[in-house]
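Reading through the structure tokens given below for one structure.
The numbers here are math on the coordinates, done by the rules we state, and not lab data. Computed from a prediction, not measured in an experiment: that's the story for all the values here. Positions of Cβ are backbone-derived with ideal geometry, glycine not excepted, and every protein chain shown enters the neighbour counts.
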Amino acid sequence: MALNSLKNLFFIITFCISVFSFAQEKQKITIEYAGIAASDPEIEDGALVFLRDESQQVHFIHKGVNMWCDKAVYYEDQDYIEAFSNVNMKQGDSITMTAKYVDYSGKTEIAVAKGDVVLTEPNSVLTTDKLYFDRTRQLAYYDTSGKVVRDSSGTITSQIGRYYMNAKKYQFTKDVVLVNPDYTLNTERLDFFPDNGYAYLFGPSTIVGEESNIYTERGFYDTNANTGYFQRNAKIDYDNRTIEGDSIYFDRNRSFASATNNIKVTDTINNSIVKGHYAEVWRDKDSVFITKRALAITVQEKDSVYLHADTLMVTGKEDHRITRAYYNARLYKSDMAGKADSIHVDHKTGLTELINLSRYSSTDAFATARKPVLWNIGNQMTGDTIHLISNTETEKLDSLKVFNNAFLVSKDTISDDGYNQIKGQRLIGLFKDNELYNVDIIKNAETIRYMRNETNELIGIQKSKSGSINIQIAEQAIEEVRFINQIDGNIFPEPDFPRNARRLRGFDWRGEERPISVDDLFKDDPPLVLPKISGLEDYVPPEDFVNDSVAERVEEAGKATPNKPNKAAQNLLKEEEDSKDLKPKKEQTTTQPKVDWKPNKKPTEVSKENKKLKPKGGE
């Protein structure tokens, strides 16, 4: 009984060892088919040469990878194979690679393909002259320029590229160009996902199309939907407009762009700039919508015009642009300022309209029931509507019109509370060198005027009524007043003129509201709270193909044959370092020779006559 038990135990142990050895053996490269197998004295001792026959190619397998070729040299002691001519490598049902030459290590599971290399996966085709493939990391790499073709996205070329098979992601660096029928993309690095067409841009990048040019230093682009999201010095050139902002969204199909935070839209044709913190641009409609501290600047050679409101809209073709400012709109230039519920500017005709919007309810945030007001030098003009006309060629003020309830007020230069006042149904003013020099008050004209002599002594206060009044202004002071169809009028000594009569009905001095700088345009705005832009992830340098794990595998592969050159290292590239050592010297073992990164001499080709072939085992 004891003897039988011992025999059974011995049988079980022997069986287990056999199974384990068989499993270990199956991990090595297996030759499935070869027409001819032989040794060659010119090839390293122990190596075998396999040739195809007329029926099929040489076929070998390793851990689920199939490879076919016309000729193969197998170094059994290093589990290393060199495949020549019409090489076809297939992993699973989705990844195939063809090349003129491939070497493959069964120990490191790294393949190096050369000559007309084509890597095909379900959604793209990669072509290059030399490709490295790490099966352990499922990573393909080239550094001799390559091209990836995807039907819907276009063609991508770069000097260096990586393909991560598990993540289904390409990573291109150095001279990256994506060519699509609608645009061309140039960038320093592009992460591309062929399944969904997503592209991530790193570094200075441009997307140039027929209708728009895009610049960004960090961006995302959906090549299927033709939409993008750009940050870091991002800008879009739309014909004659340039859009800049902290964050820009772009839809090529709709010719639409929106921007958030620190936005600037420059119109190069009409010399205008629009700023704010949220904007929408519709190219086909030639319109720009901008809000959050919105500011429009009409750039002039000597004195630009600034227009601020809660919301700005710029519409129309370049030869006839319209700017609309609404909700508490304000206008400023060095010699003029204005306020209104809404301001409308026609850049072609030079007409600026200051409009009072009476439709607001008392609960509306912008429902201040005050008339439009315009200040020029020392004069304040108010009315239900004000039209300001500029000469589009000289960029100077030409005339103004005040409709209904026109009121012209200027502060007396000496008295504390004295105001020169003229009112009527309408007012027409003329400008010379941007200064008001002639004013006509038409219909139901009234005036209160402080009369002074040449030494600025007060003569008296004049109060008059007439059908119309003409006023001549010189050096910012009223020089002459002409009454047309005068009804009555008189000059009163100051003590005899009651203080409560020194204001015409409807008098409203608003000098404290006048902006005297660009910053003053924003003084009544509520605090500005900008959204925080989380943005796209920062740039992370790509990993080296020959990293620590590869170095360890290569070093381990050479331990079995310490007196021979390590085949697993013969065709591996060196990245960025000039050292011929796979690992730093301090990490090398004393038994492992230094790895020579340069390939060994090209394996000897088998002659056509097979004169040097020695049959193996009678084959």
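General remarks:
- In this structure, Ala560 and Lys532 have a Cβ-Cβ separation that, at R0 = 56 Å, corresponds to a calculated FRET efficiency of about 0.45.
- Residue-span extension gain [Thr30 to Asp222] - 0.36 nm each, minus C-alpha spacing: 64.8 nm
- In the range 469-510, GluC sites (Glu not before Pro) in a DSSP loop with at most 15 other beta-carbon atoms within 10 Å: Glu475
- Rounded FRET efficiency, nearest 0.05, which uses the C-beta distance separating Thr315 from Glu512 and R0 of 30 Å: 0.30
- Placing a label point 7 Å from the Cα of Lys523 along the Cα-to-Cβ direction, the residues of the range 319-340 whose backbone N falls under 19 Å from that point are 328-340.
- Distance in nm between pseudo-label sites at Lys100 and Thr136 (7 Å out along the Cβ direction from Cα): 3.1
- Backbone HN-Hα couplings from phi across the range 324-331 [Karplus 6.51/-1.76/1.60, Hz, Gly and Pro as x]: 10, 10, 9, 6, 6, 7, 9, 10
- Cα long-axis angle, helix 2-26 against the chain (0 to 90 degrees, to the nearest 10): 50
- Phi-derived couplings, Karplus 6.51 cos²θ - 1.76 cosθ + 1.60 at θ = phi - 60°, listed residue by residue for the range 459-473: 7, x, 10, 9, 10, 9, 9, 7, x, 8, 9, 10, 10, 9, 10 Hz, with x used for Gly and Pro.
- Residue list for the range 194-208, given a label point 7 angstrom along the Cα-to-Cβ vector of Ser152 and an amide N cut-off under 12 Å: 194-198
- Sparsely packed trypsin sites (Lys or Arg not before Pro) within the range 502-542, loop by DSSP, other Cβ within 10 Å at most 16: Arg503, Arg505, Arg510, Lys523, Lys532
- Prolate/oblate/rounded label for the range 150-195 (Cα gyration tensor, a/c 1.5): oblate
- Difference of contour (0.36 nm per residue) and Cα-Cα distance, Glu454 to Lys302: 51.3 nm
- Based on C-alpha pairs under 8 angstrom that are at least 6 apart in sequence, the chain has a relative contact order of 6 percent.
- Leu351/Asp251 FRET efficiency (R0 30 Å; Cβ-Cβ; nearest 0.05): 0.35
- Among Ile471, Ile484, Thr455 - extreme Cα towards positive end, dipole of the range 448-520, charges at beta-carbon: Ile484
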